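First the structure, in the form of structure tokens, and then the observations on it.
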Amino acid sequence: MQKKNQFLGLMMAAFLLISTAGTALSQEQKKEETITIKTSAVCGMCKERIEKDMKFEKGVTAVELDLKTKLLTVTYKPSKTNPDKLREAVTKIGYDADDKPADAKAYEKLPACCKKDSAPH
Ligand SMILES: [Cu+2]
């Protein structure tokens, strides 16, 4: 009986340790912030391109572009980057970011179907 109690105690200790670690982790995640950026994306290729490129941006942890609203949702670490840098990164891919116009050179390189003047498809 003594042994069983010891085992239960050990289990309790392990459980406490795991839940404490879990709390620490969720506090770590709160150091992230989210912004939405209005882009000039027009199709699925734009979505893939922007999401792929933005994922490699410093400090970015998650990217999601909604093609219907053209809104890009970026989750990032404020200690590593800031909204201005993120908008700048979007313009460098060739798309408008809020009031910042797309970088001319990057925009030139986009396929014709991805240019903002082309009809949504
Ligand atoms: Cu496109």
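The values are calculated or read from the model by the stated rules, or taken from the named source; none is laboratory data. Owing to the predicted nature of the structure, the values given are computational and were not obtained by experimental measurement. Glycine also receives a Cβ, built like all others from the backbone with ideal geometry; neighbour counts cover every protein chain displayed.
For segment 71-86, state whether one or more residues are within 16 Å of the ligand (Cβ to nearest atom) and at pLDDT 95 or above. Yes, the conditions are met somewhere in segment 71-86. Annotation: of all residues in segment 45-60 being surrounded by 15 or more Cβ atoms within 10 Å (Cβ to Cβ) and more than 23 Å from C113 (Cα to Cα), the one that is farthest from the ligand (Cβ to nearest atom) is G59.
Looking for something small (G, A, S), within 16 Å of the ligand (Cβ to nearest atom) and in contact (Cβ under 8 Å) with a residue 24 or more places away in the chain - is there at least one such residue anywhere in segment 29-44?
Yes, that holds for at least one residue.
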